[in-house]
1. Have a look at Leu417, Leu435, Leu408 and point out the one that is open to solvent by less than 20 Å² (accessible area, probe 1.4 Å) and under 23 Å from the mean Cα position of the chain (by Cα).
2. Tell me the helices (runs of 4 or more DSSP H) entirely within segment 210-261 that contain at least 3 residues that are surrounded by 23 or more Cβ atoms within 10 Å (Cβ to Cβ) and in contact with a helix residue (DSSP H, G or I) (Cβ under 8 Å, 6 or more places away or on another chain).
3. Hey, can you tell me all the residues within segment 20-43 that are modelled with pLDDT of 75 or more and open to solvent by 20 Å² or more (accessible area, probe 1.4 Å)?
4. Just checking: which of the helices (runs of 4 or more DSSP H) contained wholly in segment 283-366 hold 1 or more residues that are under 25 Å from the mean Cα position of the chain (by Cα) and closer than 20 Å to Val252 by Cβ?
5. If you go through segment 160-178 one residue at a time, do you hit one that is assigned to a loop (DSSP other than H, G, I, E, B), open to solvent by less than 10 Å² (accessible area, probe 1.4 Å) and of a type in the set (A, V, I, L, M)?
6. Is it the case that some residue within segment 228-240 is in contact (Cβ under 8 Å) with a residue 12 or more places away in the chain and touching a Pro at 6+ places or on another chain (Cβ under 7 Å)?
7. Of all residues being open to solvent by 70 Å² or more (accessible area, probe 1.4 Å) and among the β-branched types (Val, Ile, Thr) in segment 518-557, which is modelled with the lowest pLDDT? Just the residue, please.
8. Just one of (1) open to solvent by 10 Å² or more (accessible area, probe 1.4 Å); (2) within 21 Å of Val239 (Cα to Cα); (3) out of contact with any Cys (no Cβ under 8 Å at 6 or more places or on another chain) trips up Ala182, so point out which.
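The values are calculated or read from the model by the stated rules, or taken from the named source; none is laboratory data. None of the values given here were measured: they were computed from a predicted structure. Reconstructed Cβ throughout: ideal geometry from the backbone, glycine too, with neighbour counts over all protein chains shown. What goes into the accessible areas is simple: the full protein's heavy atoms, side chains included, and nothing from ligands, DNA or RNA. Shrake-Rupley method; radii C 1.70, N 1.55, O 1.52, S 1.80 Å.
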Amino acid sequence: MSILREAKEDKKALLLVMISGIPLGMFLLMRCMHYLNLLPLLLLLPACSFIYFLVWILYASILSRVKNSDVKQILRDDALTYLPSLLLLPLSVFFFIKAGFYPGASPSEEHLKNTVFLFLLMTTFSLIISLKILVHGHFEWLTERIKSDKAFYLFLSLIFILFSAFAYLKLNALEHYGGDIAAYIQRIWFITKEGIPKSTIFFVPIGGKPIVFRISRWLPLYISAPFYLVLQNPASILVAQAFFISITAIPVYWIGRDLLKSHFLGLLLALSFFLNPATQYLYLQAFHNDAFGMAFLAFALYFLYKRKALPFFIFSALMVVCKENFFLVGIFLGLYSLILESKKRITFGIPCLIFSILWAFIIFVVFPSAGGSEFFIKRYSYLGSSMGEALHTITTEPLFVLHHVLTLAKTAYIGTLLFPLAFFPLFSSTIFIALPIFAQNLLSERYPMYSILYQYSAILLPVLYFSAIKAIYKLSKSDLTLIKKIVTKNFLISSIFLILLLSLTSTAIYGPFGYLYKVNSSEVKGHSVYFENFLVESKEDIIAKEIARQIPENASVLVQEPFQILLAEREKIYMFPCYTFSSQCVVNVTPERIDYIILNMNNPRLKNIEGWRDWINQLESNSWRKIMEKDGFIVLKGEGHE
């Protein structure tokens, strides 16, 4: 009972705790006002205040016994940790005025409002827990006990195995877009056969010869080839990708361990990296060069921090050659080393700058087809029809450009990237390195480029994590009076825990397995494929595999999803439909050029193609024989082929 007396005597602390519970009650009231009767609603305000009071008393009682500290001082200090709940007050008023928490007009709208509600609650409690760590300090015993890297490497191995299994199961369930990943499978297959990455799936006339893939994306393919040779399975290229995503956490752990002087904090940072939704989406994506560039950039940043010039140059050069636009990251990495680093700036900055510029010259001038500039321009068509026109528009019409950049979707994109890191990267100059990729993604009108569901943000992650770690370290050493008042000996661990808790909040709400996507998939089709059954083979998948096994290995095929993945390991495989269904697309579909045509009549994409059924009927009457038809799948064989 003495603790209750102490609580009643400290009227300021008691009042602060009780008042902090009211916004929580109001927030719950706004969400529940259309689901509960008036009396239970009115009880929410005092109930939340009373719950806060009980937690406050119990927490102080336990802490005073564990730490053998003065309970009065603990009560006074702990009362401050409930202040984040006050943030719910203006939000409650806003939602009340906007009627934002009234029932949604549709199940999906209602689900979205529930998602926002849970997100704000989890964020509030994350701030409260972090403040408790800042005020009282916890986990010191773990900091003392974890003094080796074994726990991290064991954890890293488990994560790699887990997500490799996910990647394999997703490919086995044919849940990837068939064309992209099939093209990469075929290119790596060609590397193992002829030493050069080639493909026929994209940009090749039906029946045409394989074309060499552009040189600006060769490196990840050659790195993945040994995985393919060892595992002898198309999923091996996703295992290679999972390996490089996983090892990105190594330099994140190293710099956390070295700069913050704690193996435990380094381990928490690595855990937060894997909890980041952007990391998880990348694991579950199809094969992309971005994952390899991300890993190389992380190691480059670490060796820049350690002032090791040769490893820094090697990893920065490897990053640059992973993808045609990464030379921009190399240039800004070189500029950062040259301008913002205080030691050995010339040793680090100049070689990185020269190599990045030289590589850009090679892929855009010497081998212009290697740069993929035609795709680059299409994504920024509102800026002009060429790079020169785009630059002219940006410099002469900044308001017009800002109108396209400062949209709600793009602002949300920045928020989803920075929120798991508690916006700490904004307080470090290291984020300078990420500017060209941020500009590239935000200027684009193509949705995947400003969404964490896709690969385009992968190269940003190492920069954001290194920026956050450096920002936390510098804030802990700051001489500013205002910061000194809130920075205590527990600042480092409370900041890292805040990142961990916000990463957990992010993945629970908008991660691939988060609450946002726990809704009927038909209502959000086209936005995400990460649902509860995405790792399970469907009946259609089983039939498709049965058909694919009957096609000879050396046969040339014209296929539709999902057969691209199943039949990619061959010299000639062509995709139906082409980007535009036209006479040019199918003019070469003759038995002399194609051995088999395999179509999925259940595919919804066919419904959007005018004349496709007439074309199929015409094929059946001209030198083609239907040899199989099962549950919507049709296999046609050219006459004259055995």
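1. Leu417 is the lone residue from the list that is open to solvent by less than 20 Å² (accessible area, probe 1.4 Å) and under 23 Å from the mean Cα position of the chain (by Cα).
2. 236-247, 249-259
3. Selection gives Ile22, Met26, Leu28, Leu43.
4. Once the helices (runs of 4 or more DSSP H) in segment 283-366 are filtered for at least 1 residues that are under 25 Å from the mean Cα position of the chain (by Cα) and closer than 20 Å to Val252 by Cβ, what remains is 289-305, 309-320, 326-335.
5. Yes, segment 160-178 contains at least one residue that is assigned to a loop (DSSP other than H, G, I, E, B), open to solvent by less than 10 Å² (accessible area, probe 1.4 Å) and of a type in the set (A, V, I, L, M).
6. no
7. Across segment 518-557, the extreme among qualifying residues is Val536.
8. With (1) open to solvent by 10 Å² or more (accessible area, probe 1.4 Å); (2) within 21 Å of Val239 (Cα to Cα); (3) out of contact with any Cys (no Cβ under 8 Å at 6 or more places or on another chain) applied to Ala182, the lone miss is (1).
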